[in-house]
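Engineer: The structure follows.
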Amino acid sequence: MNKLKRLLHSIFFLFFLLNTGLAQSGQSEEKILSLTDVIDLAKGQSPSSKLASTNYTSKFWQYRLYKSNYLPQVSLNATLPNLNRATNPITQPDGTVTFIPQSLLTNSMSLSVSQNIGLTNSQIFITSQLQRIDILNTPVSRSYLVSPILFGISQPIFGFNKLRWDNRIEPMKYEEAQKQFNEDLEQVSVQASELFFDLLTAQMELKIQQKNVSNSDTLYRISTGRYNLGKIAENELLQMELNLMKAKNSLAQAELDADVSMLKLANFLKLPSGQRITLLEPSVAPGFRVDEKIALAQAEKNSQAVIAFQRKRLEAERDVIKAIRDNRFSANVVASYGLSNDGSPYGLNSNPQSPTPGTTSDQQQVRLGLQVPIIDWGRAKAQIMTMEAIRQYVEISTEQDEQSLKQEILMLSKQFEMHRQKLFIAQKADTIAQKRFEISMKRYIIGKIAITDLNIALQEKDQAKVEYLNDLRQFWHTYYDIRRRTLYDFQNNAVINNK
């Protein structure tokens, strides 16, 4: 009997542990996050940070593509084999032409190395070739053509030097991409802070409404007792009941707003579905300040926009020069020199039945191409003037953008200091309003003030808390925005580099 009881107790205990484990596994563990925690998570795993990383990766490989243009290019070309059976016109020794069926098997292979020279806009190359032709008709014959080495150069004259301009512009594009990546991640911080304060405000509003419901219920019960004793009129009791109904409605709306804000933040941070989040309210604003001169200097040094201004000017200047060079006299010189062997090189026989030695000869080629505009009916001038007008437009618009950037930095610096001052005032006002409401509630309970005065104290308490949270939001939003524009951490006095 005792053994049976112990067995039943063991089964019951295991069943309890199993149910407890299942219940705990079905519930998401609550996550407590500060503003810094939310921003770190957003930079590491949010969709926006992944997009920024992908965009930077594409720019990186574009830069690698540009760099490869200045490195030796090695290529192997081969045709193995090329069989041709056809009837071809063949010139006879007496000068007549006869159509004769032919069967040719051609094999060829070449290895070449080329190198671009950006300074002179030229290209040098070295090539080695091997060709073999087998005539399959009777009698069968085989011949070779070998070019062990062939040197050459291609040199444009008076043409547009794209390599030289790429050497000036492409590194700027890559530097711009690096700074853009840092700014994109700082923009993620701005988005994360907005979602953080959306949820924090909703959770604070939920606590306020929960407290208001509790206070309204307490006051309604007290008012009911005072009404039964004949100390207050019925309209005052009805007002307290109405306040309780309003508080419950506000509580329901606050619960919905908190759930929606929590879902948005969880999705942005790629947290598991149904994850519960509790946010920690940031403490009083840190003691660091944003100096306008430092902010301007760091923006001019670190901002992606500054690099973009320089790049746009260079690209506009390049387009003008390209239009000029493309519409005037230009030439292209191609020269090459090498050796060839058409017999039996390296032990290869031209005819297996009766081998004969190969014949070695030189190969030289010089080609000069000219392009001389004669009459174009003003086409060249129109293209050049169009590019010049675009260059002037870019110059003017860039100057305006530079001024706008400076004004934006100055404005953000002033806004930051203003929000700092407002935050300290709002924090003090929140404390005063909370204390005033507590005093007003106690005075109402003992009958010292009317319900109207209590309602005013309640409204001012809630309004003070909302204004404090709004000022706290604006303070941190402005801070992360000025970080994004300057790529400078004013808390730690360091340049921001997320790579």
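Engineer: It is to be established whether one or more residues within the range 177-187 are closer than 26 Å to GLU300 by Cα and small (Gly, Ala, Ser).
Structural biologist: Yes, that holds for at least one residue.
Engineer: Return the residues of the range 176-223 that are free of Cβ contacts under 8 Å to residues at least 24 places away in the same chain and of a type in the set (Lys, Arg); say none if nothing qualifies.
Structural biologist: Applying the first criterion (free of Cβ contacts under 8 Å to residues at least 24 places away in the same chain) to the range 176-223 yields 207, 211, 214, 218, 221, 223.
LYS207, LYS211, ARG221 - these are the residues of the range 176-223 that are free of Cβ contacts under 8 Å to residues at least 24 places away in the same chain and of a type in the set (Lys, Arg).
Engineer: I'd like to check something: does the range 100-107 contain any residue that is within 26 Å of GLN131 (Cβ to Cβ), in contact with a strand residue (DSSP E or B) (Cβ under 8 Å, 6 or more places away or on another chain), part of a strand (DSSP E or B) and free of Cβ contacts under 8 Å to residues at least 24 places away in the same chain? Can you show your working first?
Structural biologist: Here is the first cut: in the range 100-107, the ones within 26 Å of GLN131 (Cβ to Cβ) are 100-107.
Imposing the further condition that a residue be in contact with a strand residue (DSSP E or B) (Cβ under 8 Å, 6 or more places away or on another chain) reduces the set to 100-107.
Keeping just the survivors that are part of a strand (DSSP E or B) gives 100-107.
Subsequent filtering for residues that are free of Cβ contacts under 8 Å to residues at least 24 places away in the same chain retains 100.
Checked against the condition, which is being within 26 Å of GLN131 (Cβ to Cβ), in contact with a strand residue (DSSP E or B) (Cβ under 8 Å, 6 or more places away or on another chain), part of a strand (DSSP E or B) and free of Cβ contacts under 8 Å to residues at least 24 places away in the same chain, the range 100-107 yields at least one hit.
Engineer: Hey, another quick one. Can you name every residue in the range 485-497 that is under 23 Å from GLU176 (Cβ atoms) and surrounded by fewer than 20 Cβ atoms within 10 Å (Cβ to Cβ)?
Structural biologist: Taking the range 485-497 as the starting set, the residues that turn out to be under 23 Å from GLU176 (Cβ atoms) are 485-489, 494-497.
ASP489, ALA494, VAL495, ILE496, ASN497 - these are the residues of the range 485-497 that are under 23 Å from GLU176 (Cβ atoms) and surrounded by fewer than 20 Cβ atoms within 10 Å (Cβ to Cβ).
Engineer: Follow-up. Quick check on LEU119: is it assigned to a strand (DSSP E or B), among the aliphatic types (A, V, I, L, M), within 24 Å of ALA335 (Cα to Cα) and open to solvent by 60 Å² or more (accessible area, probe 1.4 Å)? Walk me through how you get there before you give the answer.
Structural biologist: Working: assigned to a strand (DSSP E or B): no; among the aliphatic types (A, V, I, L, M): yes; within 24 Å of ALA335 (Cα to Cα): yes; open to solvent by 60 Å² or more (accessible area, probe 1.4 Å): yes.
When the stated conditions are applied, LEU119 does not pass them.
Engineer: Let me ask something else about it. Quick one: in the range 354-381, of everything that is surrounded by fewer than 13 Cβ atoms within 10 Å (Cβ to Cβ) and part of a helix (DSSP H, G or I), which residue is modelled with the highest pLDDT?
Structural biologist: The extreme case among them is LYS381.
Engineer: Residues being surrounded by 15 or more Cβ atoms within 10 Å (Cβ to Cβ), outside any helix (DSSP H, G or I) and hydrophobic (A, V, I, L, M, F, W, C): count how many of those fall in the range 299-332.
Structural biologist: Total meeting the criteria: 0.
Engineer: Among what's in the range 259-298 and is part of a loop (DSSP other than H, G, I, E, B) and among the small types (Gly, Ala, Ser), pick the residue that is least open to solvent (accessible area, probe 1.4 Å). Steps first, answer last, please.
Structural biologist: Within the range 259-298, the first condition is being part of a loop (DSSP other than H, G, I, E, B), and the residues that meet it are 269-276, 280-291.
Filter once more, keeping what is among the small types (Gly, Ala, Ser): 273-274, 283, 285, 287.
Values: SER273: 118, GLY274: 53, SER283: 86, ALA285: 12, GLY287: 73 Å².
This residue is ALA285.
Engineer: Which residue pairs have Cβ atoms closer than 6 Å, lie 6 or more positions apart in sequence or on different chains, and pair a first residue in the range 162-175 that is closer than 17 Å to ILE117 by Cβ with a second residue that is open to solvent by 50 Å² or more (accessible area, probe 1.4 Å) and not aliphatic (A, V, I, L, M)?
Structural biologist: Pairs that qualify, where the first residue is closer than 17 Å to ILE117 by Cβ and the partner is open to solvent by 50 Å² or more (accessible area, probe 1.4 Å) and not aliphatic (A, V, I, L, M), are TRP165/ARG318.
Engineer: Let me ask something else. Which pairs do you get when a residue that is touching a residue at least 60 places away in the same chain (Cβ under 8 Å), found in the range 406-420, comes within reach of a residue that is of a type in the set (Asp, Glu) and surrounded by fewer than 18 Cβ atoms within 10 Å (Cβ to Cβ), reach meaning Cβ atoms under 6 angstrom, with the pair 6+ apart or on two chains?
Structural biologist: Sorted first by the residue in the range 406-420, then by its partner, the pairs are LEU410/GLU292; SER413/GLU292.
Engineer: Ok, one more. Would you point out which residue out of GLN178, GLN210 is out of contact with any strand residue (DSSP E or B) (no Cβ under 6 Å at 6 or more places or on another chain), open to solvent by 20 Å² or more (accessible area, probe 1.4 Å) and farther than 30 Å from GLN434 by Cα?
Structural biologist: Numbers: GLN210 fails: farther than 30 Å from GLN434 by Cα.
None of the others qualify; the one that does is GLN178.
Engineer: Exactly one condition in (1) open to solvent by less than 60 Å² (accessible area, probe 1.4 Å); (2) at pLDDT below 65; (3) closer than 19 Å to GLN129 by Cβ is false for ASN351; which is it?
Structural biologist: (3)
The values are calculated or read from the model by the stated rules, or taken from the named source; none is laboratory data. Note that the structure is a prediction, hence the values are computed from the model and not measured. Methodologically, a virtual Cβ is constructed for each residue, glycine included, from the backbone with ideal geometry; neighbour enumeration extends over all protein chains shown. When the accessible area is computed, the model is the full protein with side chains, heavy atoms only, and any ligands, DNA or RNA have been set aside. Shrake-Rupley method; radii C 1.70, N 1.55, O 1.52, S 1.80 Å.
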